[in-house]
Amino acid sequence: MIQLQSGPVEVGGVTLRNHLILAAGVLGTCGSSLARMLREGAGAVVSKSIGPEPRSGHAGPCLVVLEDGVLNAMGLPNPSSDFRGELDQLKGEPVIVSIFGGNPDEFGTVASWFVDSAAAFELNVSCPHASGYGAQIGTNPDLVEACTAAVSRFHKPVWVKLTPNVTDITTVGIAAQDGGANALVAINTVKAMRISPEIRKPVLGNRFGGLSGKAIFPIAVRCVYELYGACEIPVIGCGGVSSAADVLELMMAGASAVEIGSALRGNPGLFREITGNLYGTDGISPAEIVGCAHD
Ligand code: RRO
């Protein structure tokens, strides 16, 4: 397998310690778990998505583990502005704060709380099961552009995390770029559902949820490939990554860095494992492989 040169890398206005980033929603609700992921070898970390009001989330069951993925409908649980205190212990660290709102003003308000503590913002316009938030914004290019512009005015790097649940992801990527985004993150979970034959009802309390894990990796590869071909700003890959080979494949599709989420379940040492395989003393320059599948 190819190996890469190690060392810090600048992506979307943030200096990452390596190409691997903790994805939003996994181990990201408290400062101590974010700090632990950095100690375990993550190049940067993204928090759980924070919104304008505290939320306890959807009624359970909220998460079901499937054969090759995870189905969730957590329902954007978050402590809202109280999350600020969690970041006190992470000053100067590469922490990206994921934020959501129902309109540009709410995005601006939430961003204003973290201007001094975030290395960047990741805008969640892609949660597939949130009424008034997430993909309900992220399927409307005009709203995506306006929400991105509302956060860009803080002069902090802005990453926009996109939903795969659209006909043409490049239209939404270009809208985020036009709003001033510094990077695109592809993808959030895929809208999905399972039904229990025993109870003859949906397995999730919310009925619908988002599918993550290995099952969605090919969708992530396709979305990254399309965005890399259509947009000028860096693309960060996300979705079903669990090995160094997956990281390289997403980079070949066009990803400048890669987020990892579901695969950390039960394997908190995964960042160290992947960096051990991904980097080598005779490694090649990442520039040689980012987007090489397009040549
Ligand atoms: O909290 C959630 O239910 C959730 C979010 Br914010 C998201 O962006 N993606 C997802 O699958 N679940």
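The values are calculated or read from the model by the stated rules, or taken from the named source; none is laboratory data. Because the structure is a prediction, the values reported are computed rather than measured. Here the Cβ is made from the backbone with ideal geometry for all residues, glycine too, and neighbour counts use every protein chain on show. Heavy atoms of the whole protein, side chains included, go into the accessibility calculation; ligands, DNA and RNA do not. Shrake-Rupley method; radii C 1.70, N 1.55, O 1.52, S 1.80 Å.
Residue count for the stretch 113-133, restricted to those that are farther than 21 Å from Leu34 by Cβ and out of contact with any Gly (no Cβ under 9 Å at 6 or more places or on another chain): 1. Scanning the stretch 117-164 for residues that are within 16 Å of the ligand (Cβ to nearest atom) and of a type in the set (Ser, Thr, Tyr) gives Ser126, Ser131, Tyr133, Thr139, Thr163. Please enumerate the residues belonging to the stretch 158-173 that are part of a loop (DSSP other than H, G, I, E, B) and open to solvent by 60 Å² or more (accessible area, probe 1.4 Å). Matches in the stretch 158-173: Thr167, Asp168.
The set of residues from the stretch 50-78 being more than 9 Å from the ligand (Cβ to nearest atom), assigned to a loop (DSSP other than H, G, I, E, B) and in contact with a Phe, Trp or Tyr (Cβ under 6 Å, 6 or more places away or on another chain) is empty. I'd like to know if the stretch 193-214 contains one or more residues that are part of a helix (DSSP H, G or I) and open to solvent by less than 40 Å² (accessible area, probe 1.4 Å). Looking for residues that are part of a helix (DSSP H, G or I) and open to solvent by less than 40 Å² (accessible area, probe 1.4 Å), one finds none in the stretch 193-214, hence no. Among the residues of the stretch 1-56, just one is under 18 Å from Gly85 (Cα atoms), within 13 Å of the chain's Cα centre (by Cα) and surrounded by fewer than 23 Cβ atoms within 10 Å (Cβ to Cβ), namely Leu27. With respect to the conditions (1) over 21 Å from Cys223 (Cβ atoms); (2) away from the ligand (no atom under 14 Å from the Cβ), Gly102 lacks only one, and its number is (2). If only residues of the stretch 120-137 that are aliphatic (A, V, I, L, M) and touching a helix residue (DSSP H, G or I) at 6+ places or on another chain (Cβ under 9 Å) are counted, the one that is surrounded by the fewest Cβ atoms within 10 Å (Cβ to Cβ) is Ala130.
Table: residues versus (1) part of a strand (DSSP E or B); (2) among the aliphatic types (A, V, I, L, M).
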position: His129; (1), (2): no, no
position: Gly132; (1), (2): no, no
position: Ile137; (1), (2): no, yes
position: Leu143; (1), (2): no, yes
position: Lys156; (1), (2): no, no
position: Ala175; (1), (2): no, yes
position: Lys191; (1), (2): yes, no
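Identify, please: which residue in the stretch 79-95 is free of Cβ contacts under 8 Å to residues at least 60 places away in the same chain and assigned to a loop (DSSP other than H, G, I, E, B) and is, among those, farthest from Met37 (Cα to Cα)? Applying the filter and picking the extreme gives Pro79. With respect to being touching a strand residue (DSSP E or B) at 6+ places or on another chain (Cβ under 9 Å), more than 11 Å from the ligand (Cβ to nearest atom) and in a loop (DSSP other than H, G, I, E, B), Gly41 fits the description.
Criterion applied to Ser117, Ser98 was being open to solvent by 20 Å² or more (accessible area, probe 1.4 Å), touching a residue at least 24 places away in the same chain (Cβ under 8 Å) and not basic (Lys, Arg), and the one residue passing it is Ser117. Going through (1) open to solvent by 50 Å² or more (accessible area, probe 1.4 Å); (2) of a type outside the set (Ser, Thr, Tyr); (3) touching a residue at least 24 places away in the same chain (Cβ under 8 Å) one by one, Asn140 falls short only on (3). Flag not set for Leu27, criterion: within 21 Å of Thr148 (Cα to Cα), assigned to a loop (DSSP other than H, G, I, E, B), out of contact with any Pro (no Cβ under 7 Å at 6 or more places or on another chain) and in contact (Cβ under 8 Å) with a residue 40 or more places away in the chain.
Taking the criterion of being open to solvent by 30 Å² or more (accessible area, probe 1.4 Å) and under 21 Å from the mean Cα position of the chain (by Cα), the residues of the stretch 264-295 that qualify are Arg265, Gly266, Asn267, Pro268, Arg272, Glu273, Val290.
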